[in-house]
Amino acid sequence: KVVENAISYTGTMVKKKHTLRKTLAIIGVVFFAGAAAVASFIMFSGTNTISGQNISVKVVGQIATGGGDVLPIQIAVANQNNVPIESVTLIVEYPEGTRDADSGKELSIERKQLDMVKAGELINVELKARVFGEENDEKEIKVSVDYRIQGSNATFHKDADPFKFKISTSPVVATFTANKATAAGQEYPIVLTIQSNTNL
């Protein structure tokens, strides 16, 4: 009986050791899986995440220009994310009546392909257009960018604050000169003077 009890006790101890090893092995697997999950979360939701708030589009130019004159503007596109943005398209919407500074063709929307903006990169784009309007007219140019991220077909959009400017002088000034009074039935002479304020 003593021998039987010893054998039974030894078998119980062996079973407990096997159970303990299995438990420790399971705990180890769970621990490493959890560590891997945390590392993945930090990598994908932290430094490698693209946020539209980290992409800035700024427009700088003259706040006043003469009607019919060339208005130069500079657009800065900055990517402050830690990964690049791809298929970047700069979209510029001009006010009605704007014309291309070189060809003179009517210009409403202009698109420029910037392709890729690397992480931490700043790209400056210089544009110019000939704007028209009456004196003291307030105009605005709208600028935005479309872009994609690597591995995705989705297109994202970022707007800049509209660039506002004023027409300081009209491209053409017309004045009339006439007599204050005339007799009935007589001719009434009117002198029309047209003056250009542009270099066209």
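Going by the structure shown, is residue 141 open to solvent by less than 80 Å² (accessible area, probe 1.4 Å), in contact with a Phe, Trp or Tyr (Cβ under 6 Å, 6 or more places away or on another chain) and modelled with pLDDT of 95 or more? The answer is yes for residue 141.
Considering only residues that are outside any loop (DSSP other than H, G, I, E, B) and either of a type in the set (Lys, Arg) or in contact with a Gly (Cβ under 6 Å, 6 or more places away or on another chain) (or both), which ones fall in region 105-139? Within region 105-139, 111, 112, 128, 130, 139 qualify. Checking each residue in region 68-94 for being in a loop (DSSP other than H, G, I, E, B), more than 14 Å from the chain's Cα centre (by Cα) and buried (at least 19 other Cβ atoms within 10 Å of the Cβ) picks out 68, 69, 94. Find all pairs meeting these conditions: Cβ atoms under 6 angstrom apart; at least six residues apart or on different chains; first residue within region 136-155 and free of Cβ contacts under 8 Å to residues at least 60 places away in the same chain; second residue of a type in the set (Ser, Thr, Tyr) and surrounded by fewer than 17 Cβ atoms within 10 Å (Cβ to Cβ). From residues that are free of Cβ contacts under 8 Å to residues at least 60 places away in the same chain, the pairs are 146/89; 146/155.
Once region 122-138 is narrowed to residues that are surrounded by 15 or more Cβ atoms within 10 Å (Cβ to Cβ) and of a type outside the set (A, V, I, L, M, F, W, C), the residue that is modelled with the lowest pLDDT is 133.
Out of 149, 123, one residue alone is under 13 Å from residue 90 (Cα atoms) and of a type in the set (A, V, I, L, M, F, W, C). It is 123.
Look at region 67-82: where a residue is of a type in the set (D, E, K, R) and a partner is outside any loop (DSSP other than H, G, I, E, B) and open to solvent by 10 Å² or more (accessible area, probe 1.4 Å), sitting 6+ places away or on another chain with Cβ atoms under 9 Å, you get 69/130. Within region 148-174, take every residue that is in contact with a strand residue (DSSP E or B) (Cβ under 9 Å, 6 or more places away or on another chain), surrounded by 12 or more Cβ atoms within 10 Å (Cβ to Cβ) and of a type in the set (Gly, Ala, Ser) and give me the one that is modelled with the highest pLDDT. The qualifying residue modelled with the highest pLDDT is 160.
The values are calculated or read from the model by the stated rules, or taken from the named source; none is laboratory data. Only a predicted model underlies this, so the values are computations on that prediction, with no experimental measurement involved. Note that we place each Cβ from the backbone using ideal geometry, even for glycine, and neighbour counts take in every protein chain shown. Only protein heavy atoms, including side chains, enter the accessible area calculation; ligands, DNA and RNA are left aside. Shrake-Rupley method; radii C 1.70, N 1.55, O 1.52, S 1.80 Å.
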